[in-house]
Amino acid sequence: PYAEYVRENILTPLGMTSTTPEIGDVQGTDKLATGYSAVRRDGRRVEVEPFEGGGMAPAMGFASTVEDLAKFASWQFRLLETGEREILDANTLREMQRVHYMDPGWETTWGLGFSLRRRDGVTFVGHGGSCPGHQTSLQMENGDKIATIAMTNAMVSAGSFTQRAHE
């Protein structure tokens, strides 16, 4: 099964012991913060119903922690530096982090599974996650080996937090 394969071949070798490829595994436990909506017209946020990725779990069902995402970022920095093969070949990761798509307005660029952007001549590689009540952003600056991670339990732009933290 998909989740078993991911655990055995990716998460366990990376030491990502608090990450699951299916958010339903942690719904209703103390391992997942209660999710809240965006601010409503009356200024309040309301609790959001638990989210199940179901058949879309490979695209949007992961649940993780800041510590585990830091391990994921460290692995990428290490792989790019050594050029070795660890879970996947370093050249595969380089290819994933190369621009493959750019929208017509030149505002959004994508690699394979990663967003890419440049700010003041510096390239940032990252990925965001979002499901009702939660948003996450991982942003890496490979040159200086700096990763910033933000996780929210409300519908806010986690990416704005990672950018500010990097600054």
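The values are calculated or read from the model by the stated rules, or taken from the named source; none is laboratory data. As the structure is a prediction and not an experimental result, all values here were calculated from the model. Here the Cβ positions follow ideal geometry from the backbone for every residue, glycine too, while neighbour counts run over all protein chains shown. For accessibility, only protein heavy atoms count, side chains too; no ligands or nucleic acids. Shrake-Rupley method; radii C 1.70, N 1.55, O 1.52, S 1.80 Å.
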Worksheet item: Could you count how many residues in the stretch 95-119 are more than 25 Å from Gly83 (Cα to Cα) and out of contact with any helix residue (DSSP H, G or I) (no Cβ under 9 Å at 6 or more places or on another chain)?
Response: 7
Fill in: Residue tally, condition touching a residue at least 24 places away in the same chain (Cβ under 8 Å), open to solvent by 20 Å² or more (accessible area, probe 1.4 Å) and in a strand (DSSP E or B), over the stretch 142-167
3
Worksheet item: Identify, please: which residue in the stretch 32-64 is in a loop (DSSP other than H, G, I, E, B) and either on the phi > 0 side of the Ramachandran plot or of a type in the set (Ser, Thr, Tyr) (or both) and is, among those, surrounded by the most Cβ atoms within 10 Å (Cβ to Cβ)?
Response: Ser64
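Could you list all residues from the stretch 65-94 that are outside any helix (DSSP H, G or I) and open to solvent by less than 80 Å² (accessible area, probe 1.4 Å)? Explain how you work it out, then say what you get.
Pass one, the stretch 65-94, residues outside any helix (DSSP H, G or I): 65, 83-89.
Passing the criteria: Thr65, Gly83, Glu86, Ile87, Leu88, Asp89.
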Discussion item. Considering only residues that are open to solvent by less than 40 Å² (accessible area, probe 1.4 Å) and under 18 Å from Met60 (Cα atoms), which ones fall in the stretch 95-114?
Written reply: Gly111, Phe114
Response to the item:
Cβ pairs under 6 Å, 6+ apart or interchain, first in the stretch 43-58 and free of Cβ contacts under 8 Å to residues at least 40 places away in the same chain and more than 15 Å from Gly129 (Cβ to Cβ), second of a type in the set (S, T, N, Q) and surrounded by fewer than 16 Cβ atoms within 10 Å (Cβ to Cβ), ordered by first then second residue, are Val46/Ser37; Pro50/Gln27
